[in-house]
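Worksheet for the structure shown next.
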Amino acid sequence: MRWGVFGDAHGNLQGLQAVVQALRAAGVDGYLNLGDTVGYGADPNACCDLVREIGAVSVLGNHDLAAIGGPGLEWFNETARTALNWTRNHLSADHLAWLANLPTSVQLDELAATHSSLPQPTEWRYIDTALEAGVTLAAAGRRLVTPVYNADLAAGMVTNLALAGQLPLVMQVQYSSAQTGWTSELGEGEFELLYSGPVQAAWRVVKLLAGGVEVTRTVRAGRDVLEVQTTVANSVAGLHNRIYTARVEGQYLDSQGRRATVDGVGEMEIDSSAVDWLSYGNERGGLLMVPDRQLGLSYWDISGWWGGFGFHHHPAASRETWLFGPTPWTTAQADAAAAALATPLVVDWAE
């Protein structure tokens, strides 16, 4: 398939019309929009209309995100802030909803696309070094697809975790700590496929991060279950895994009966050292995470992140099992699933 690729229209209708006309004349089979459809220019609604009219596969850009109420405007320069405030007030409700539901990255056969970088599609990071370019390229083409759920395997992280046929519930799961500067998992790494078959697949990634911290992540995937095991060497602060949810309202629930609405408004910290499971879900489905041991957990819900969960272990090792459901998990369902995972298999080895 021959794609017509464009991006950064930024509300410039005349410029976008010229690009689409040129791509049509070139006889492309489809259109791929790399984001930032709005911002700066005076025609954000018309640009959204045109992109949707031609059926372009689109990803979210950082200006798109800010225009729908995403990260703080302080991230942008004065000109961009002024334009984004105007754009936010002039976008129609329909286009606001359309932008809010765009993914941050897409996989189209052998083509992967994002506005930012594939390993960190929500951090809007400029790719300025050969290392960052290498990590992004290494992430392309690695995707897990089962009949129940799918995910991208960007640079060894689990990203865009979603039920089959749905938009993502979780944008990324990563390691960060004070030693690594609380940055994402940019760093050198080796990817090894351990086995792949009709029932289960497994792979291992070893990465050397900033501060000399070495992270080893082993992932085992089944039809309806995902297990993520992480160990860290040379870390003085234990293990700090972080989960970033998608930017759509959802419900948080844990084994202590605590509930919260994840909506990007406000901030909330939870002392959950005794948590046995946590769940997150909305109309896209439900995810249940069950750790192999009780964990220390903090939860935050601030504009720009739309909810996140950070958790740590001592010693520096963790294993979490993810289960999936078409609707958010109830307390009874989650308790039963966690109990089943805690019950070891009994093998009667008769001679």
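Amide H contacts under 5 Å for D224: none, restricted to partners 5 or more places along the chain or on a different chain, H placed in the peptide plane at 1.01 Å from N.
Full extension of the segment from A201 to V145, taken as 0.36 nm per residue of separation minus the current Cα-Cα distance, would add 19.1 nm.
Read-outs: derived from the displayed coordinates by stated rules, not from any lab. The model shown is predicted, which means the values in this text are computed figures rather than measured ones.
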